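Engineer: Quick one: the structure is below, questions incoming.
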Amino acid sequence: MGEITHMDMYVCEDSSPMKYGMPKIYKDIFNQNPERFELRIDYPDMPACPFGNSFKALGFDKEKREYVWMVTSIIKDDRLKKVVYAK
């Protein structure tokens, strides 16, 4: 057996700027301008879920006009406006 002289360690904190192909929004960004974001519910133009399902609700950046992935602390924040699609 050989002696181990080097070992890499990887820690996954999921700090990636993207999730499921969408920009990931962290609380510090949301806090800069909470009015910029909303949680859209049942919108027909939501991107497809990568697992073959469909999203029920997704964050939306009104400034950039794109869907975003929001961290859980934002979704629980009372300042986040929830908008249900009117059919």
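Engineer: Using each residue's phi in the range 68-78, evaluate 6.51 cos²θ - 1.76 cosθ + 1.60 at θ = phi - 60° and report the 3J(HN,Hα) Karplus result to the nearest Hz, with x for Gly and Pro.
Structural biologist: These are the phi-based 3J(HN,Hα) values: 9, 9, 9, 5, 4, 4, 6, 4, 7, 6, 5 Hz.
Engineer: Right, here's the next one. Checking the table K62/K87; K56/K82; K24/K64; K56/K81; K19/K81 against a 18 Å threshold on Cα-Cα, which pairs fail?
Structural biologist: Numbers: K62/K87 20 Å; K56/K82 12 Å; K24/K64 13 Å; K56/K81 16 Å; K19/K81 21 Å.
Those over the limit are K62/K87; K19/K81.
Engineer: Out of all DSSP beta bridges in the range 36-84, what portion is antiparallel? Express it as a percent rounded to 5.
Structural biologist: The answer is about 65 percent antiparallel.
Engineer: If I model a spin label as a point 7 Å beyond the Cα along the Cα-Cβ vector, how far apart are those points for T72 and D28 in nm?
Structural biologist: Reported label-point gap for T72 and D28 is 2.1 nm.
Engineer: Next question. Let's see if you can work this out: charge +1 on each Lys and Arg Cβ, -1 on each Asp and Glu Cβ, no other charges. What is the dipole magnitude of the range 36-84 about its Cα centre, in debye to the nearest 20? All intermediate terms of the calculation are to be shown ahead of the outcome.
Structural biologist: Numbers: 10 positive and 8 negative charges, 23 e Å.
Its charge dipole is roughly 120 debye.
Engineer: Could you run the Debye sum over the Cα atoms of the range 36-84, one equal point scatterer each and no solvent, and tell me log10 of I(q)/I(0) at q = 0.15, 0.27, 0.33 Å⁻¹, two decimals?
Structural biologist: Reported log10 I(q)/I(0), two decimals: -0.37, -1.10, -1.37.
Engineer: Okay, next question. Check V68: other-chain or 5+ apart residues with amide H under 5 Å from its amide H, H built from backbone geometry?
Structural biologist: Those lying under 5 Å, H to H, from V68 are G59, F60, D61.
Engineer: What are the ³J(HN,Hα) couplings of the range 81-87, residue after residue, when phi is run through the Karplus curve with 6.51, -1.76, 1.60 and θ = phi - 60°? Round to Hz, x for glycine and proline.
Structural biologist: 6, 9, 10, 8, 4, 8, 7
Read the figures in this text as sums done on the coordinates, not as results from a lab. The shown structure was predicted, so the numbers you read here are calculated from the model rather than taken from an experiment. Here the Cβ is made from the backbone with ideal geometry for all residues, glycine too, and neighbour counts use every protein chain on show.
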